[in-house]
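In what follows, a single structure is set out as structure tokens and then discussed.
The values are calculated or read from the model by the stated rules, or taken from the named source; none is laboratory data. Given the structure is predicted, the values throughout are model-derived calculations rather than measurements. Note: ideal-geometry Cβ built from the backbone for every residue, glycine included; neighbour counts use all protein chains shown.
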Number of protein chains: 2
Amino acid sequence: MREVAILGVGQTPVSEHWDKSLLILAGEAVFAALEDAGMKSTQALYVGNMLSGQLDKQNHLGAWIADWVGMRGQEAFKIEAACGSGAAAFRMGLIAVASGEIASAVVVGVEKMTDALPDETTAGLATAADADWEVIHGLSFISLNALIMRRYMHEYGWEHADFAPFSINAHANAMHNPNARLHLPLTKEKYLKAPMVSNPINLMDSSAIADGAAAAVIVPAESLHRYARVPRIIVAGSGAATASIAVHDRRDPLWLRAAEISAQQAYRQAGVGPEDIDLFELHDAFSIMSALSLEASGFAERGQGPRLGLDGEISIHGRIPITTRGGLKARGHPVGATGMYQIVEVVQQLRRQAGGSQVEGAKIGMAQNIGGSGATILSHVLVSKPPRT
Amino acid sequence: MREVAILGVGQTPVSEHWDKSLLILAGEAVFAALEDAGMKSTQALYVGNMLSGQLDKQNHLGAWIADWVGMRGQEAFKIEAACGSGAAAFRMGLIAVASGEIASAVVVGVEKMTDALPDETTAGLATAADADWEVIHGLSFISLNALIMRRYMHEYGWEHADFAPFSINAHANAMHNPNARLHLPLTKEKYLKAPMVSNPINLMDSSAIADGAAAAVIVPAESLHRYARVPRIIVAGSGAATASIAVHDRRDPLWLRAAEISAQQAYRQAGVGPEDIDLFELHDAFSIMSALSLEASGFAERGQGPRLGLDGEISIHGRIPITTRGGLKARGHPVGATGMYQIVEVVQQLRRQAGGSQVEGAKIGMAQNIGGSGATILSHVLVSKPPRT
């Protein structure tokens, strides 16, 4: 396979976009990415989205969006892996370009959630879990995560307050991201007093659903000499794995096996290890997921994820900066778009475009996108390289 | 890219499977394909499906099915392109294996439609059309096709009866396919007297929705010497294209531009032309679509598709046999699975396993899968080759 580079990125603000349809949001991100890449079009379009059929009464997003963005005729499909849809679409686009079958592609993650009634959205999100063995018993997606968090606290002796740094860090970083959903500084006191949602998960452990779209243009790295873009952003590693969809079927419900497999795949391809990663855009749908991702990806010992937060190691000046643009918690979580927001944000960091939350000297970044409560996990390692001479 | 081969195929009967969930159907097809290939597992699973979110309240089919079939851990995603989802998943799997990133994959198309209420299904199918500009005006999917058919008859001077051979041929061939939904011989008289659905489309112009799953195991052709399978079934050409999703936006609503582009791509890759195709599994969701596919794929002049039927050229003994196992009309149309049924059926023909509807001497077959009323179209050319010496 040939090496693949990210030539352009684009995003809409993550927000409640009452005046914009899913189509318009997707279009804005695609146009921004194409403009950033200095291209008018690509040979293919891949769409990451989870809920358009339920919430927008529209399937067939590939052709629909391709038509809208002036790519009528080009190959276009939707790829779905619940909240991991964005990175899944990115991986499929990556493979298509790497294979030589496709010369260039734009991948867009898009979701429009806030138009729907709250119970429609909750029911929609529950379709990421096992309908037959989890949802039918009344488990919502958040209550599944609450069971995991409660067990984790019991098993490893953490208090709820020990998870506060994950959310405080995310909110602090989002203050510097104009596209973030929430620009609200968070204190430990506010975190502890937040309304309970599903014990022990309170509102400040939870990411915010939202509308949004993020996109990237990918091309063969060998074609980069045609473009002025410096530095070159190379997709050095890509991994994808699954685990049991139902939490109760996992040998260890406190270990994200699919994160471990996919991160190891991505590390191996990139020839790096966790010690080389300068920043990590992880999937903090709930604060417990930050801890589990850090552990399974090799940044903390089993059961010790919260320690990194308490020791200040997850800030942009710490050992492993996470959620540097706000994460799912504060940038927001338009579910099928989230994986592409993560990719765009890693690119911003590697290009030194992260403003007040810039990680100094960042050269290698990782993005990790989760579908369901850990059933699908994708890890991507992006590397900034000097122009080829 | 390396050459890719189909090593195993499997399918469930197309039927009303009241006793089987979507998961069980998908599993039966995957297990049958793996057994046919002589394999226990593959490195990745790609799922073609359109409506599981709406009709089955289950997204995240990749992880869900991978878990069920014993492939927990492996990469698994769903690919969606409305009724073209099956072939879209096949193409993504094909590219993944051709690229070298994936060593082997199973692609399964699956849909479970008959459990839902009829108006849920009609609303679900309408999500293949443009929600904002077609569906909101009250157009259902069948009425869109009826507009196209009416215009076609007006433009080219055909009568409704001229489309009868498409349906009669499909029903005749389905009599020899134990997995077909309908085993009912159709006469011209029955065709003409069928109840009207959406003028001029009557019940015998329309495919039957259904439950079903079909799967194929794909591997690099270079690995085939490890397996005893003879003949080798090579995926010689693959093409995908889109057109405007809304019919009124097309320059010519009577021409399937995406069929033309994707068929030409597939022909070019395979180094063949329409004159070399021994059978053509086309997407006869409605009889008008048979005519349009034949024309855009190079088998008939513009406006002359019905002539092939009237002249007997579409039967298994004709110049271009179509719907040789019953087609969408009589094998049935479990929408997201249909593209994979077509692939499986072409493989059956090339292996001489098509029983009473075997096309004698078939060496090159084409499958064409359509999403929406022509907005996404994929064409695949499969070739039977003698064992490598």
What's the total number of residues in the range A:278-307 that are under 20 Å from residue A:354 (Cβ atoms) and among the aliphatic types (A, V, I, L, M)? 2
Can you find a residue in the range B:139-151 that is touching a Gly at 6+ places or on another chain (Cβ under 8 Å), farther than 12 Å from residue B:372 by Cα and more than 14 Å from chain A (Cβ to nearest Cβ)? no
Kindly indicate whether any position in the range A:88-96 is outside any loop (DSSP other than H, G, I, E, B) and touching a Lys or Arg at 6+ places or on another chain (Cβ under 8 Å). yes
Out of all the residues in the range A:357-383, which are within 13 Å of another protein chain (Cβ to nearest Cβ) and hydrophobic (A, V, I, L, M, F, W, C)? A:370, A:375, A:377, A:378
Checking residue A:180 against (1) of a type in the set (Gly, Ala, Ser); (2) within 30 Å of residue B:68 (Cβ to Cβ); (3) in contact (Cβ under 8 Å) with a residue 60 or more places away in the chain: exactly one of these is not met. Which one? (2)
Go through (1) buried (at least 24 other Cβ atoms within 10 Å of the Cβ); (2) in contact with a Gly (Cβ under 8 Å, 6 or more places away or on another chain) and name the single condition residue B:42 misses. (2)
Given A:263, A:210, A:214, A:170, which one is within 14 Å of chain B (Cβ to nearest Cβ) and either surrounded by fewer than 21 Cβ atoms within 10 Å (Cβ to Cβ) or within 26 Å of residue A:326 (Cβ to Cβ) (or both)? A:263
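Per-residue answers, yes or no, for (1) modelled with pLDDT of 95 or more; (2) under 30 Å from residue A:56 (Cα atoms); (3) of a type in the set (Val, Ile, Thr); (4) surrounded by fewer than 17 Cβ atoms within 10 Å (Cβ to Cβ):
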{"position": "A:138", "(1), (2), (3), (4)": "no, yes, no, yes"}
{"position": "A:148", "(1), (2), (3), (4)": "yes, no, yes, no"}
{"position": "A:197", "(1), (2), (3), (4)": "yes, yes, yes, no"}
{"position": "A:218", "(1), (2), (3), (4)": "yes, yes, yes, no"}
{"position": "A:227", "(1), (2), (3), (4)": "no, no, no, yes"}
{"position": "A:234", "(1), (2), (3), (4)": "yes, no, yes, no"}
{"position": "A:237", "(1), (2), (3), (4)": "yes, no, no, no"}
Condition check: touching a residue at least 60 places away in the same chain (Cβ under 8 Å) and within 14 Å of chain B (Cβ to nearest Cβ). Does residue A:251 satisfy that? no
Within the range B:56-75, count every residue that is surrounded by fewer than 24 Cβ atoms within 10 Å (Cβ to Cβ), in contact (Cβ under 8 Å) with a residue 40 or more places away in the chain and closer than 23 Å to residue A:55 by Cα. 1
Which ranges mark the helices (runs of 4 or more DSSP H) fully within the range A:118-213 that have 2 or more residues being among the polar types (S, T, N, Q) and closer than 30 Å to residue A:27 by Cβ? A:118-126
Quick check on the range B:181-190. Is at least one of its residues buried (at least 17 other Cβ atoms within 10 Å of the Cβ) and closer than 23 Å to residue B:339 by Cα? yes
Enumeration of residues in the range A:19-77 that are at the interface with chain B (Cβ under 9 Å from one of its Cβ atoms), assigned to a loop (DSSP other than H, G, I, E, B) and more than 21 Å from residue B:247 (Cα to Cα): A:49, A:50, A:51
Do we have residue A:80 as assigned to a strand (DSSP E or B), within 13 Å of chain B (Cβ to nearest Cβ) and closer than 19 Å to residue A:209 by Cα here? yes
Odd one out for residue A:157 among (1) small (Gly, Ala, Ser); (2) more than 14 Å from chain B (Cβ to nearest Cβ); (3) crowded, with 23+ Cβ neighbours inside 10 Å: (3)
